[in-house]
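Q: Got a structure for you, written out below as structure tokens; questions coming shortly.
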Number of protein chains: 4
Amino acid sequence: MIKVGIVGGTGYTGVELLRLLAQHPQAEVAVITSRSESGVRLCDMFPNLRGYYDDLVFSVPDTNVLGSCDVVFFATPHGVAHSLAAELLASGTRVIDLSADFRIKDAQEWAKWYGQPHGAAELLPEAVYGLPEVNREKIKEARLIAVPGCYPTATQLGLIPLLENGLVDPLRLIADCKSGVSGAGRGAKVSSLFTEAGESMMAYSVKGHRHLPEIAQGLRLAAGGEVGLTFVPHLTPMIRGIHATLYASLIDSSIDLQQLQQLYENRYANEPFVDVMPAGSHPETRSVRGANVCRMAIHRPQDGNLIVVLSVIDNLVKGASGQALQNMNILFGLDERLGLGNPGLLP
Amino acid sequence: MIKVGIVGGTGYTGVELLRLLAQHPQAEVAVITSRSESGVRLCDMFPNLRGYYDDLVFSVPDTNVLGSCDVVFFATPHGVAHSLAAELLASGTRVIDLSADFRIKDAQEWAKWYGQPHGAAELLPEAVYGLPEVNREKIKEARLIAVPGCYPTATQLGLIPLLENGLVDPLRLIADCKSGVSGAGRGAKVSSLFTEAGESMMAYSVKGHRHLPEIAQGLRLAAGGEVGLTFVPHLTPMIRGIHATLYASLIDSSIDLQQLQQLYENRYANEPFVDVMPAGSHPETRSVRGANVCRMAIHRPQDGNLIVVLSVIDNLVKGASGQALQNMNILFGLDERLGLGNPGLLP
Amino acid sequence: MIKVGIVGGTGYTGVELLRLLAQHPQAEVAVITSRSESGVRLCDMFPNLRGYYDDLVFSVPDTNVLGSCDVVFFATPHGVAHSLAAELLASGTRVIDLSADFRIKDAQEWAKWYGQPHGAAELLPEAVYGLPEVNREKIKEARLIAVPGCYPTATQLGLIPLLENGLVDPLRLIADCKSGVSGAGRGAKVSSLFTEAGESMMAYSVKGHRHLPEIAQGLRLAAGGEVGLTFVPHLTPMIRGIHATLYASLIDSSIDLQQLQQLYENRYANEPFVDVMPAGSHPETRSVRGANVCRMAIHRPQDGNLIVVLSVIDNLVKGASGQALQNMNILFGLDERLGLGNPGLLP
Amino acid sequence: MIKVGIVGGTGYTGVELLRLLAQHPQAEVAVITSRSESGVRLCDMFPNLRGYYDDLVFSVPDTNVLGSCDVVFFATPHGVAHSLAAELLASGTRVIDLSADFRIKDAQEWAKWYGQPHGAAELLPEAVYGLPEVNREKIKEARLIAVPGCYPTATQLGLIPLLENGLVDPLRLIADCKSGVSGAGRGAKVSSLFTEAGESMMAYSVKGHRHLPEIAQGLRLAAGGEVGLTFVPHLTPMIRGIHATLYASLIDSSIDLQQLQQLYENRYANEPFVDVMPAGSHPETRSVRGANVCRMAIHRPQDGNLIVVLSVIDNLVKGASGQALQNMNILFGLDERLGLGNPGLLP
């Protein structure tokens, strides 16, 4: 059994990790920390977990205790993993960070977008960006994994087949993304109230969202050069789900939709958690609710030069905790699908 | 492996059965029928199941094929199981009926509420009402199981500890129940549109709902005599979930809340799918979303004589397909929890 | 033009007052206060009001400025009106308080439920409970009006015809009420997040909710004696609306449903904002969304002794700001319907 | 008083027209037709209108009766206005058609997208496209008005300032639009069920949506030449609202955001129902719920060449019935704002 620690288990990525780990046959949660909820029983906070972790109580983070785990997940706001990762790594514990702390390779860039100095720049060289569909081999050897963000997962998986093959103009990419409200976390904010976010739709952070540099970094690697990306996130009145609508301009318009379809199917043929639907399909976010799947479909409207890729995930699963677990499975040499086998909850 | 057939797999109880069976280690879906969708691939209709049943295609019901299964689930409108059950039973197949066809023991009563003659009254004596918390021993020996309705499950489980112990006036029971819209099924009805059922709350069928005689029948058995029940169902703007708010008048007001709490805890101590929360708790329907659990709590407001029991289920799981699978597990001598282990999806 | 001041205009009852006043032909908002938002333009906070109050800016409450108004509305948490009302009344300004400060006549009772001493007990004798259907004549002469709470409005209007006529047992009343999330206000609370309150249903405060003594006080007046009321509020995943399901036991079972229907129709025949639907109807909360209407219907299930009344309002309109405006119209001798004429927004 | 007839009043644009007309001081609904609901009282179908049109009963369409009206609104599926408009116009009645029948000037194009021959091509030359911000003068003189579709209204108003001034490449326009479910009408369709459309997001008709040729026609007029438009509509889990996210590439990158802002403000300076927010704002659909407003804001992310315009409307108001009434006001020489003065319903 893999001994698991979770730092910061009071948010949505935390409870989602716990939900998934409850079904994992080879992992066991040994410790869960929260400064604010120390002493509270996990099940009193998240009654859906009653009967699963009845003895688990939030404790104040203690690196000795955490350091006795095989792996520690950080389900924390940015900055926390910076301060604890080095010590845990030194004790031989693997670290899987669901926050943004190690996603961006350039510490200056990170500091610019997050408004504070990078707290562990020395760890950046060894941190592996945990997108298995791109970095599976590196993940196997990693000590420190940066789990991709939700928008970045849906967007990169949707665009990289086009970019890796140089089929589209990398300087004119658009990602028009729609997220459920859980993407904003469990913090008490007026803008996330039912009465504010319900029955309404709005764009936000159009000037610049923190996921932009992360997405661009991944797309550059796929394209092998510079990219120009416009990223417009929207808040949608649903709890879970991201729908990325991706626009890219074909360089050579003679390629036809069936060739592109074949390309996507080949690219993801061996990926257990990417589902390429038939060209012209319309994936629904609810089809992946609670499931560790990125489901996508490609379109070429009016046979023009603009390719439209529709890519959906559950932001808390393939966009966070499910992907984190997928990384853990790879890291420990397990079947990548362990604990991640459930279909989406529909309706 | 148990060979499973499903009649009428295009509704919500059908797709939910398939979702749960996809994770069941000892059952395999061999055939799924639908007259209207014959020839359609299951996964084209329910894309959340892509990758799970890729070869399964809806077929026209054929009793020879169905009769080769170990068990056949009916996830059909009422009346269908009436016409097919006898033939299947004759071929040695067990029948688990999710419809209302065999729930009410009195064929006349059934005919009155469903507006048509009972089509298989000769099977009523052997039909077992599949509420494991009441009938587990009978279920083990059954050939034909009538899975309880959603409202009846939440209401009976909430009230029977009081009635079995003669603690409340059986003639003054009130069940004020709130259901998500999936309870109305997947049929195209104006009243179930997002634009009609969304952002609104209403009672319906206050004059008399078809679940009333079913609930009353179960409560009579628990009380060992007549009951008087007022049942008011409401439509609530959520997809899944039933919240039953149950009112009963104490006969002896000297009993205190902690004694009642103990009574409930004892009654359900060995039940894997009933969770009695501490007295005074407020169970949320989302805590059981997608899970085969009935979660409840008791209250005694202002220390008066009126006991209030709050009882929640997911209408599609403990209120339908999960309970059906629980019955199958019991029937075939399996661990009752197989395939039903996942926690609720929260948030 | 009536010169209007609003204290505490940043919550939902505040913005709703402003929405309604924007259409009122004989009132004009002169001042709106908020300590926390002082200096902010109203329209920057509530963009639905752009074009209506472009010059209005939140200011720190100043009793001189407020005292120059003909009427001041308090759309504040409890306690605020206590501290300011006397001074405003002294300056000749009428006060219409949407908070709970003057609803309960007994200062001790108030202190018990609100956990603090009553701050203006000397004003209680003259405060008029602003339920026009009961107190219209007193409202005409009032200086200080306590606008009823949302649950109390729906519940009292639904039950008083029965109690005024002594038709039901006053000691066995049940109000099972369902509220939209806006009833919890615009404060940033985890329990009101879209991700917490969405797709779920739960009861709350079953032990005792602050509206209980207010409702009981009103029902006692209608009954002319003691009442026993069990009040169970529920949180429902919708923004606006209250659905009260009210249960009362007939004393004389020989009265029939049509007699009761006639009684209700007569009781409210001259009320512009109470709509009695035909007996057996099922009012929807959306039918009163945005409208100053209490719509109700009576039922007698299975011709038993239990009468069920279904009563719906928009908690922010007839349950708060619309009723406040109705009070203002009465107070100033205007047509009671001014500014309150719009139908519900359906769908 | 203007005597109004409504053909097809059982859908959402019909009930919305009635809601708005209930508050219009100079119009009166004389007749409302529906073949399927003939004989039904309007208020029994739409209880929000109880007290407003208590004598109005659906009748079978009769051109004599309709021809006695000053104006007839068609709130019907496409094809109906084709068959009745000529006769009504002959009797001197003005026709305001909310359907798609007269929006597209090219009858062949219409036939291609709607899959049937155009039924009244001879009326196309005189039909006026009822977008007041473009065609106000023509509307004043019109006999037959084609009210724009919902997506076309939000998209055209958002893009025409750029196109009229030749600032962007007209061949690379993208409209990524999100609509509430009421856009799909009140018909009983599985895809519009609460259980299907709730808690999910999906694109649809990416291959080609019927609003595409209508939008393109309007944009060509603004651009004075060909346009290339990719239009991707999405279904969003809310009842009302359209959020159009519009992408256009600047031709001359030296123009700055403040100049663009000025351009938009000037273009709509005299428009009562277009609200240009400060550059960089994020309009919410709820801010226009129930209101006849198109609210928009422009962005220039990362100071690049791509301009992003966010444009929101209520699809049933400015996108249908409100705009129809605005047209009526213009046509009859009334204040354009009559009956359309209410602010959005927020929250």
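Q: Looking only at C:Q23, C:Q261, C:Q116, which one moves most when chain C is put into a Gaussian network model with springs between Cα atoms under 10 Å?
A: C:Q116
Q: Scan around B:F73 for amide H atoms under 5 Å from its own, H built in the peptide plane at 1.01 Å from N, and keep only partners 5 or more places away or cross-chain.
A: B:G5, B:I6, B:V7, B:I96
Q: Further question: Among DSSP bridges having both ends in chain A, what percentage is antiparallel? Round to the nearest 5.
A: Approximately 45 percent, going by the DSSP bridge assignments.
Q: Calculate how many DSSP beta bridges within the protein assembly as shown are antiparallel, expressed in % of all such bridges and rounded to the nearest 5.
A: 45
Q: Still on this model: In whole Hz and in residue order, list the ³J(HN,Hα) couplings for the stretch C:188-200 that follow from phi through the Karplus curve 6.51 cos²θ - 1.76 cosθ + 1.60, θ = phi - 60°; x for Gly and Pro.
A: 7, 10, 4, 5, 9, 5, 3, 6, 9, 8, x, 6, 7
Q: Oh, and also: Would you mind ranking B:R172, B:R220, D:R240 by Cβ crowding within 10 Å, fewest neighbours first?
A: So the ranking, lowest neighbour count to highest, is B:R220, B:R172, D:R240.
Q: For peptide A:176-184, how many partner chain Cβ atoms fall within 10 Å of a residue's Cβ, on average?
A: Going residue by residue through A:176-184 and averaging, the value is 5.
Q: Could you pull out every residue, at least 5 positions away or on a different chain, whose amide H is within less than 5 Å of the one on D:V128? Hs are placed 1.01 Å off N in the peptide plane, and Pro or chain starts have none.
A: Under 5 Å from the amide H of D:V128 lie the amide H atoms of D:L144, D:I145, D:A146, each far enough along the sequence or on another chain.
Q: How well do other chains shield peptide A:275-288, expressed as the mean number of their Cβ atoms within 10 Å of each residue Cβ?
A: 5
Q: Let me ask another. Where Lys and Arg each count +1 and Asp and Glu each count -1, what net charge lies around C:P117 among other residues with Cβ under 14 Å from its Cβ?
A: Residues near C:P117 contribute -3 overall.
Q: Could you give each residue of the stretch D:92-104 its phi-based ³J(HN,Hα) in whole Hz, using Karplus coefficients 6.51, -1.76, 1.60 with θ = phi - 60°, and x for Gly or Pro?
A: Working through the residues one at a time gives x, 7, 7, 10, 10, 9, 7, 7, 8, 4, 10, 6, 9 Hz.
Q: Roughly how many whole Å is it from the C-alpha centroid of the stretch C:198-261 to that of the stretch A:319-342?
A: Result: 50 Å between the Cα centres.
Q: Can you give the Kirkwood hydrodynamic radius of the stretch D:2-126 from its Cα pairs, in Å with one decimal?
A: 15.0
Q: By counting other Cβ atoms within 10 Å of each Cβ, how are D:H243, A:H24 ranked from fewest to most?
A: Going from sparsest to densest Cβ surroundings: A:H24, D:H243.
Q: Another one. Kindly provide the helix-only [θ] at 222 nm of the protein assembly as shown, computed as the sum of -39,500 (n - 2.57) over DSSP H runs of four or more divided by all residues, to the nearest 500 deg cm²/dmol?
A: After summing the helix terms and dividing by residue count, I get -8500 deg cm²/dmol.
Q: Averaged across A:336-343, how many Cβ atoms of other chains sit within 10 Å of each residue's Cβ atom?
A: Average per residue, whole number: 3.
Q: In chain C, which longest range has no chymotrypsin sites (Phe, Trp or Tyr not before Pro) that are both DSSP loop (not H, G, I, E or B) and surrounded by at most 16 other Cβ atoms within 10 Å?
A: For chymotrypsin sites (Phe, Trp or Tyr not before Pro) (loop position, at most 16 other Cβ atoms within 10 Å), the longest site-free span of chain C is C:1-203.
Q: I'd like the projected area of the protein assembly as shown, averaged over all directions, using the convex hull of its alpha carbons. Report it in nm² with one decimal.
A: Mean orientational projected area (the protein assembly as shown, Cα hull): 49.6 nm².
Q: Using the alpha-carbon atoms, what tilt in degrees (0 to 90, nearest 10) does helix C:211-223 show relative to the longest principal axis of chain C?
A: 60
Q: Using the alpha-carbon atoms, what tilt in degrees (0 to 90, nearest 10) does helix C:80-90 show relative to the longest principal axis of chain C?
A: Helix C:80-90 sits roughly 70 degrees off the main axis of chain C.
Q: Another one. Would you pull out the residues with amide H under 5 Å of C:D275's amide H, same chain only if 5 or more places away, H placed 1.01 Å from N?
A: C:C294, C:R295, C:M296
Q: Looking at the stretch C:119-251, what % of its DSSP beta bridges pair antiparallel, to the nearest 5?
A: The antiparallel fraction comes to roughly 50 percent.
Q: Cα gyration tensor of the stretch B:118-225, axes a ≥ b ≥ c as square roots of the eigenvalues: rounded (a/c below 1.5), prolate (a/b > b/c) or oblate?
A: oblate
Q: Using θ = phi - 60° and the Karplus form 6.51 cos²θ - 1.76 cosθ + 1.60, what ³J(HN,Hα) does each residue of the stretch B:106-121 get, whole Hz, x for Gly and Pro?
A: So the J values, rounded to whole Hz, are 9, 4, 5, 4, 4, 4, 5, 7, 9, x, 7, x, 6, x, 7, 4.
Q: Per the Kirkwood treatment, what hydrodynamic radius in Å, one decimal, follows for chain C from the mean inverse distance over all distinct Cα pairs?
A: 20.5
Q: Can you work out the FRET efficiency for the pair D:D256 and D:E164, with r the C-beta to C-beta distance and R0 = 22 Å, to the nearest 0.05?
A: Efficiency, rounded to the nearest 0.05: 0.70.
Q: Further question on the same structure: In degrees, nearest 10, range 0 to 90: what is the angle between the Cα axis of helix B:132-141 and the longest Cα principal axis of chain B?
A: 40
Q: Within a 10 angstrom radius of the beta carbon, how do B:D252, B:D101, B:D169 rank from fewest other beta carbons to most?
A: B:D252, B:D169, B:D101
Q: Can you give me the relative contact order of chain B as a percent, contacts being Cα pairs under 8 Å and 6 or more apart?
A: 17
Readers should treat all values here as calculations from the given coordinates under stated rules, not as data from a laboratory. These numbers come from a predicted model, not from an experiment. Methodologically, a virtual Cβ is constructed for each residue, glycine included, from the backbone with ideal geometry; neighbour enumeration extends over all protein chains shown.
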